[in-house]
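Encoded as structure tokens, the structure appears first; notes follow it.
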Amino acid sequence: MRRRSPAFPAGALLAGLLLTGALGSAPASAADGTGDQGFTIKDPRITESSGLAASHLHPGIYWTHNDSGDGPYIYAVDSATGKTVATVTLSGIGRPRDVEAISIGPDNQIYVGDIGDNLDGSWPYVWIYRLPEPKVLENQTIKATQYIVKYSNVARNAESLIVHPRTGRVYIIDKKEDGGHLYEGPATLSSSGTNIFKPVATVDLWATDAAFSPDGKQLAVRGYFGGIYYDWNGGRIKREGRLDVPLQKQGESVSYSADGTKLMYGSEGSDSPVQAKDVPGGTAAGKSSTGSGSSAADGGSGSPATGQIKVGAIAVGVALLALFGLRRLRRTPTRRH
């Protein structure tokens with residue numbers, strides 16, 4: 001009499017194949033959130049990364065730029081690999097002097113802050129450049145709009161430019177060792193005249209960069225040795241607490257991740273690290289009004305990890321059904337004719 005082969009190994013093999021195939025369908029790239037755990041900028045051209053902004057159109061991509069001495073360039077860095085996947089050349093502007101910040105506002109508009117002034121008042125005006133975030137990541141030239149900026153009191157050095165994700169209003173924080181000020185720009189920037197920025201609040205930090213949470217309710221400000229986060233409240237900022245800023249060689253940049261769960265801290269230097277820290281409270285600091293983030297509850301894609309869990313659960317369910325079916329098939333006696 002022939003011995004019956006165990007049903008379990010065959011079923012398990014099929015289950016494993018189904019599970020592997022289903023999980024393999026989830027993209028293993030920056031879109032799965034691994035890059036938001038931190039990465040290293042590997043482009044040898046980027047030696048003075050001074051600003052950082054999470055892309056609104058391309059998951060896992062962060063825009064950055066060099067400090068003074070570079071041309072009119074911004075770089076799209078893939079956080080999964082640390083490699084530059086696109087270099088954008090800004091046209092229609094003069095040669096930048098001291099680019100210190102980058103931010104993305106409504107309608108996927110990138111704002112670049114040529115606002116540095118290492119002599120703290122040597123420039124009578126500074127510049128902001130605006131351009132649309134490219135839909136395709138490739139080396140290209142994009143025409144930018146240039147805005148002239150002056151302060152209502154005196155010229156000053158600054159390294160922090162932020163654009164509110166809902167209103168599109170632009171703000172600058174000056175860099176003062178004993179603390180600076182939040183400067184508010186006009187409701188709409190003018191490309192034909194001078195844009196006057198006025199102080200509206202004090203900032204208790206020697207600020208090297210700042211960022212809005214995707215929902216615009218929280219403002220994070222970092223310095224070389226620490227950081228503070230504020231409740232925004234329409235610009236009437238209220239200090240909420242200190243940030244867990246990592247110790248870096250020269251901490252120059254900060255950005256919220258696109259889903260608002262992480263704060264990404266960058267530093268200058270070759271092969272500079274971008275380190276991730278949980279936002280205060282350990283939960284998402286709001287989803288982007290531009291659609292760059294959505295929660296599972298609202299029917300969106302949710303966090304990449306959540307998406308993978310759903311795919312895994314489906315795969316396990318299919319595998320178990322297949323296994324159960326095989327076992328039933330094996331146990332069903334063959335009808336004799």
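Since every read-out is calculated from the coordinates, none of them should be taken as a lab result. As the structure is a prediction and not an experimental result, all values here were calculated from the model. Note that each Cβ is placed from the backbone with ideal geometry, even for glycine, and that neighbours are counted across all protein chains shown.
For the stretch 98-182, GluC sites (Glu not before Pro) meeting the loop criterion (DSSP other than H, G, I, E, B) and having at most 16 other Cβ atoms within 10 Å: Glu138, Glu177. Measuring between their Cα centroids, the stretch 33-81 and the stretch 117-183 lie 18 Å from each other. Loop-located trypsin sites (Lys or Arg not before Pro) in the stretch 171-265 (DSSP state not H, G, I, E or B) with no more than 13 neighbouring Cβ atoms inside 10 Å: Arg236, Lys249. The 3J(HN,Hα) values that the Karplus relation (6.51, -1.76, 1.60; θ = phi - 60°) gives for the stretch 87-97 are, in residue order, 10, 9, 9, 7, 10, x, 10, x, 6, x, 9 Hz. Gly and Pro appear as x. For a straight C-alpha distance cut-off of 14 angstrom, the aspartates and glutamates reachable from Lys176 (same-chain residues fewer than eight places away being disregarded) are Asp117, Asp120, Glu159, Asp204, Asp209. Sparse packing (at most 15 other Cβ atoms within 10 Å of the Cβ) combined with a DSSP loop state is found for the following chymotrypsin sites (Phe, Trp or Tyr not before Pro) in the stretch 95-176: Tyr125.
Here the stretch 108-142 is scanned for amide nitrogen atoms under 11 Å from the site 7 Å beyond the Cα of Val154 along Cα-to-Cβ, giving 120-122. Other residues with beta-carbon under 15 Å from the beta-carbon of Gly180 carry, at +1 per Lys or Arg and -1 per Asp or Glu, a net charge of -4.
For Ser68, the residues 5 or more places off, or on other chains, whose built amide H falls under 5 Å of its own are Val99. With a Förster radius of 22 Å applied to the C-beta separation of Asp107 and Lys83, the computed FRET efficiency comes to 0.20. Cross-linked pairs Lys143/Lys249; Lys83/Lys135; Lys135/Lys175; Lys150/Lys262: Cα-Cα separations exceed 30 Å for Lys143/Lys249; Lys135/Lys175; Lys150/Lys262. In order along the stretch 251-267, the phi-based Karplus estimate (6.51 cos²θ - 1.76 cosθ + 1.60, θ = phi - 60°) of 3J(HN,Hα) comes to x, 10, 9, 8, 8, 6, 5, 4, 8, x, 8, 10, 10, 9, 10, x, 9 Hz; Gly and Pro are listed as x. Between Ala86 and Ala76, the built amide H atoms are under 5 Å apart, and every one of these is 5 or more places off in sequence or on another chain.
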